[in-house]
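Just below is one structure, and these are the notes that go with it.
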There are 2 protein chains.
Amino acid sequence: MNIEEMLKVAISEARTGLEEGGIPIGAALFSDDGTLLGKGHNRRVQDDDPAIHAETDAFRNAGRQTDYRKTVMVTTLSPCWYCSGLVRQFGIGTVIIGENETFKGGEDWLKENGVKVIVADNSECKQLLNQFIEKHPEIWNEDIGVPCECSNDEN
Amino acid sequence: MNIEEMLKVAISEARTGLEEGGIPIGAALFSDDGTLLGKGHNRRVQDDDPAIHAETDAFRNAGRQTDYRKTVMVTTLSPCWYCSGLVRQFGIGTVIIGENETFKGGEDWLKENGVKVIVADNSECKQLLNQFIEKHPEIWNEDIGVPCECSNDEN
């Protein structure tokens with residue numbers, strides 16, 4: 001599987017999230033031979049669960065693994081500190097990022113710590129999330145930990 | 001509530017985890033007036049869920065919040081990078097750590113980024129986890145992302 005094919009899986013997850021009324025961010029974890037280990041999407045709204053970001057959902061759905069060094073995390077959005085911490089703690093080797101314009105988390109920190117990071121700069125990822133943020137800035141702020149009184153300052 | 005009382009809640013969660021056959025690490029999230037918002041424990045073994053560390057379980061069980069700046073995360077063990085990332089992303093103001101001898105995660109990084117960190121150096125926390133690690137080094141390694149071929153090198 002190439003980068004585009006892997007990213008398609010994450011984008012499909014983001015679209016599923018949107019259809020469910022949730023934040024359209026998707027992710028998938030692959031092994032180095034391209035086998036899909038797990039995929040998922042942000043579930044804050046659907047499950048009222050603030051702990052499930054796209055990356056943590058994909059990680060959870062991949063089940064218990066004993067070695068993540070050769071795995072690849074593909075996500076539609078630059079991973080926040082929470083999800084960057086997940087990547088670092090479990091030694092996920094590669095992160096493919098759909099876009100990092102709407103939000104940029106810990107991707108530079110991951111690079112500094114030996115993680116291979118690839119940014120696809122995908123317009124579909126940007127469009128999906130930006131349309132959601134425009135309609136629901138308060139949910140987006142909640143999802144990245146920006147206190148609600150700042151909502152009006154967000155785009 | 002003082003530090004000791006808050007830590008007792010986290011230790012009680014760790015003990016519940018142990019009784020369930022899981023890794024004995026517990027956590028709780030409090031508001032600044034001492035109200036318990038959520039508590040939880042590591043669920044890797046019980047739920048076969050690698051994404052649920054004690055801190056993420058407590059965070060989840062606290063439900064959707066819009067401002068974490070005045071909250072206090074109490075955990076029996078120094079938070080790993082995953083859980084440290086959670087604290088940083090959501091702006092949790094204070095972290096109280098039962099012990100950081102058995103494992104030390106991102107607590108210094110959190111301090112550098114403005115989080116108040118208090119280490120209680122609690123012997124009960126150490127004893128609970130060390131007894132578990134002695135019996136199940138492979139589960140412990142899995143939980144912190146240490147590949148399984150290294151299991152024999154762990155204490």
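Nothing in this text is a laboratory measurement; each read-out follows from the coordinates by a stated rule. Predicted model, so just to flag it, every value in this text is computed and none were measured. Every residue, glycine as well, gets a Cβ built from its backbone with ideal geometry; the counts of neighbours run over all protein chains shown.
Here are some notes:
- Among chain B residues, the beta-carbon with the smallest distance to the axis carrying B onto A is reported, with distance in whole Å, as B:GLY85, 1.
- Note on B:LEU37, A:LEU86: ascending count of other Cβ atoms within 10 Å places them as B:LEU37, A:LEU86, the fewest first.
- Here the Karplus relation 6.51 cos²θ - 1.76 cosθ + 1.60, evaluated at θ = phi - 60°, turns the backbone of segment B:52-65 into coupling constants of 9, 8, 4, 5, 5, 5, 4, 4, 4, 5, 6, x, 7, 10 Hz, with x for every Gly and Pro.
- Rounded if a/c under 1.5, otherwise prolate or oblate - the protein assembly as shown, Cα gyration tensor axes: oblate
- Taking GluC sites (Glu not before Pro) across segment A:63-155, the ones in a DSSP loop with at most 13 further Cβ atoms lying within 10 angstrom of their Cβ are A:GLU154.
- For B:LEU77, the residues whose modelled amide H falls within less than 5 Å of its own, excluding neighbours fewer than 5 places apart on the same chain, are B:GLY26, B:GLY98, B:GLU99.
- Of all the options B:PRO24, B:PRO137, B:PRO79, the one that moves most in a Gaussian network model of chain B with Cα springs shorter than 10 angstrom is B:PRO137.
- The phi torsions of segment B:31-44, fed into the Karplus equation with coefficients 6.51, -1.76 and 1.60 and a -60° offset, translate into couplings of 7, 5, 8, x, 6, 6, 8, x, 9, x, 8, 4, 10, 3 Hz, rounded to whole numbers, with Gly and Pro shown as x.
- A straight Cα-to-Cα reach below 20 Å connects A:LYS116 with the aspartates and glutamates A:GLU4, A:GLU5, A:ASP32, A:ASP33, A:GLU55, A:ASP67, A:GLU99, A:GLU101, A:GLU107, A:ASP108, residues fewer than 8 places away in its own chain not being considered.
- Most simply put, chain B has about 50% antiparallel DSSP beta bridges, counting only bridges with both residues inside it.
- Calculated label separations, A:GLU19, copies of the chain, 7 Å along the beta-carbon direction, nm: 4.3
- Share, in percent, of DSSP beta bridges within the protein assembly as shown that are antiparallel, nearest 5: 50
- Long-range tail of P(r) for chain A (Cα pairs > 21 Å, %): 38
- The charge dipole of segment A:1-52, taken about its Cα centre with unit charges on the Cβ of Lys, Arg, Asp and Glu (plus for the first two, minus for the last two), comes to roughly 100 debye.
- Annotation note: trypsin sites (Lys or Arg not before Pro) in segment A:49-155 located in DSSP loop regions with a Cβ neighbour count of at most 10 within 10 Å are absent.
- Each other copy holds its own label point for A:GLY63; taking that point as 7 Å from Cα along Cα to Cβ, the gaps run 3.5 nm, nearest first.
- Here's the picture: a label point sits 7 Å out from the Cα of B:ARG64 along the beta-carbon direction, and within segment A:42-73 the residues with their amide nitrogen under 16 Å of it are A:42-54.
- Phi-based couplings in Hz for segment B:132-141 (Karplus 6.51, -1.76, 1.60; Gly and Pro marked x): 5, 4, 4, 7, 9, x, 5, 6, 4, 4
- The length gained on full extension between A:GLU124 and A:CYS148, counted as 0.36 nm times the residue separation minus their Cα-Cα distance, comes to 5.9 nm.
- Segment B:8-70-segment B:130-150 distance, computed between alpha-carbon centres (Å): 20
- Amide H contacts under 5 Å for B:GLY38: B:LEU29, restricted to partners 5 or more places along the chain or on a different chain, H placed in the peptide plane at 1.01 Å from N.
- For B:VAL117, the residues whose amide H sits under 5 Å from its own are B:VAL95, ignoring neighbours fewer than 5 places away on the same chain, with H placed 1.01 Å from N.
- Shortest first, B:GLU5 label-point distances to identical copies amount to 5.9 nm, with the label point at 7 Å from Cα along Cα→Cβ.
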